[in-house]
Amino acid sequence: MDVKIEQSWKEQLAEEFEKEYFEKLTQFVRGEYQGCTPIYPPAKLIFNAFDHCPFDKVKVVILGQDPYHGPGQANGLCFSVNKGIQFPPSLMNIFKEIANDTGCDIPQDGDLTRWSKQGVLLLNATLTVRAASAGSHQNKGWEIFTDAVIRKIAQEHSNVVFILWGSYAQKKGAFIDREKHLVLTSPHPSPLSAYHGFFGNHHFTRTNDYLRLHGKKEILW
C-alpha cells in the first residue's frame with residue numbers, strides 16, 4: 001500500500017502498511033473524510049508527526065491519545081495546535097511546567113513543530129478523530145499501528161527518552177526496555193490531574209540531562 005509518509009518511516013513501517021488491519025483502517029479513515037462530519041486533522045496532516053521527525057532523528061517520544069476535535073486545532077502533532085489558536089488547557093499546563101522547570105518564557109504560539117524538527121516525535125495513539133467527538137476513531141486500528149511505531153523505535157534505537165503522561169500513555173509504553181531507554185512518567189497535564197504530580201515533574205530538564213549524558217543535543221523547549 002502506498003502511504004504518504006516521510007521516506008525513512010515508509011521503509012521502517014513497510015510491513016505494517018501491508019497488514020490486513022491497516023488496509024481496513026485505511027478504508028475506514030477514507031470513508032470518514034468523505035462523509036459530512038469534519039475529521040481532524042486535515043487529511044494531509046495525518047502523518048505530520050513523522051514527516052517532521054525522520055526515524056533516524058528521533059531522540060524523544062511524547063505520547064498523546066487523541067487529536068484535538070475542535071475547529072482549526074489539530075495539526076497532526078500531539079498536544080500541538082496551529083498558530084493563532086488559543087492554548088488548550090493541557091498545552092497551557094505543559095508550557096507552565098516548562099517555564100517553571102527551565103526558566104523559559106511561555107511561547108507566543110502552540111505550534112510544536114519546532115520540537116519535532118529537533119527530534120521529538122509527538123505521537124498520538126489515534127491519529128484521526130471526528131469533530132466534537134473525542135475517541136471516535138479509537139479501536140479502529142490506529143493503536144495497533146502506533147504500538148508498532150513505539151516498538152520499532154524501542155528496538156532499533158538506544159537512549160531515547162519516552163515521556164508518558166497519564167495512565168493511558170503509561171500502559172501503551174509498558175513494554176519499553178527501561179535499561180535501554182529513559183522512560184519518564186507522571187500524571188497527565190490536563191486540569192483534572194496537573195496538580196497531582198504533573199507540575200514539578202521536571203521532565204523537560206531531566207530529558208535534556210539524559211540527552212546530554214549520551215552525547216545528544218538538548219531540546220530547546
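A probe of 1.4 angstrom, applied to the heavy atoms of all protein chains, finds His214 with accessible area near 70 square angstrom.
Label-to-label distance for Asp56 and Gln27 is 3.7 nm, based on points extended 7 Å past Cα in the beta-carbon direction. Distance between the C-alpha centres of the range 28-59 and the range 157-193: 23 Å, rounded to the whole angstrom.
Across the range 87-100, coupling constants 3J(HN,Hα) worked out from phi with the 6.51/-1.76/1.60 Karplus curve, θ = phi - 60°, read 5, x, x, 5, 5, 4, 5, 4, 5, 5, 5, 4, 4, 5 Hz, and Gly and Pro carry x.
First check a/c for the range 79-163, with a ≥ b ≥ c the square roots of the eigenvalues of its C-alpha gyration tensor; if it is under 1.5, answer rounded, and if not, answer prolate when a/b is larger than b/c or oblate otherwise. Oblate, because a/c is 1.5 or more while a/b does not exceed b/c.
Placing unit charges on the Cβ atoms of the charged side chains and taking the dipole of the chain about its Cα centre, the candidate lying farthest along the positive direction among Phe95, Tyr40, Phe50 is Phe95. Taking label positions 7 Å along the Cα-Cβ direction at both Lys171 and Glu20, the computed distance is 2.5 nm, reported to one decimal. Per residue of the chain, the DSSP helices (runs of n ≥ 4 H) give a summed -39500 (n - 2.57) that works out to -10000 deg cm²/dmol at 222 nm. Put a plus charge on the Cβ of each Lys and Arg, a minus charge on the Cβ of each Asp and Glu, and nothing anywhere else: the dipole of the range 39-109 about its Cα centre is then about 140 debye. Ranked by the mean number of other Cβ atoms within 10 Å of their residues, highest first, the peptides 1-9, 74-82 come out as 74-82, 1-9. Computed about the Cα centre, the dipole magnitude for the range 28-151 is approximately 260 debye when only Lys and Arg (+1) and Asp and Glu (-1) carry charge, each at its Cβ. The computed semi-axes √(5λ) of the Cα gyration tensor in Å for the structure shown corresponds, within [x] 47, 33, 18; [y] 40, 23, 15; [z] 26, 21, 15, to [z].
Say the dipole of the range 127-184 comes from +1 at the beta carbon of Lys and Arg and -1 at that of Asp and Glu; which of His181, Ala169, Ala131 then lies farthest toward its positive end? It is Ala131, whose Cα lies furthest towards the positive end. The HN-Hα couplings worked out from phi for the range 199-204 by the Karplus form 6.51 cos²θ - 1.76 cosθ + 1.60 (θ = phi - 60°) are 5, x, 6, 6, 5, 7 Hz, whole numbers, x standing for Gly and Pro.
Summing Cβ point charges (Lys, Arg +1; Asp, Glu -1) relative to the Cα centre of the range 140-190 gives a dipole of roughly 100 debye. Each peptide in 203-212, 189-198 was scored by the mean count of other Cβ atoms within 10 Å over its residues; highest first, the order is 203-212, 189-198.
The values are calculated or read from the model by the stated rules, or taken from the named source; none is laboratory data. Please read these numbers as outputs of a predicted model, since none were measured by experiment. Virtual Cβ from ideal backbone geometry, glycine too; neighbours counted across all protein chains shown. Ligands, DNA and RNA are excluded from the accessible area calculation, which covers all protein heavy atoms including side chains. Shrake-Rupley method; radii C 1.70, N 1.55, O 1.52, S 1.80 Å.
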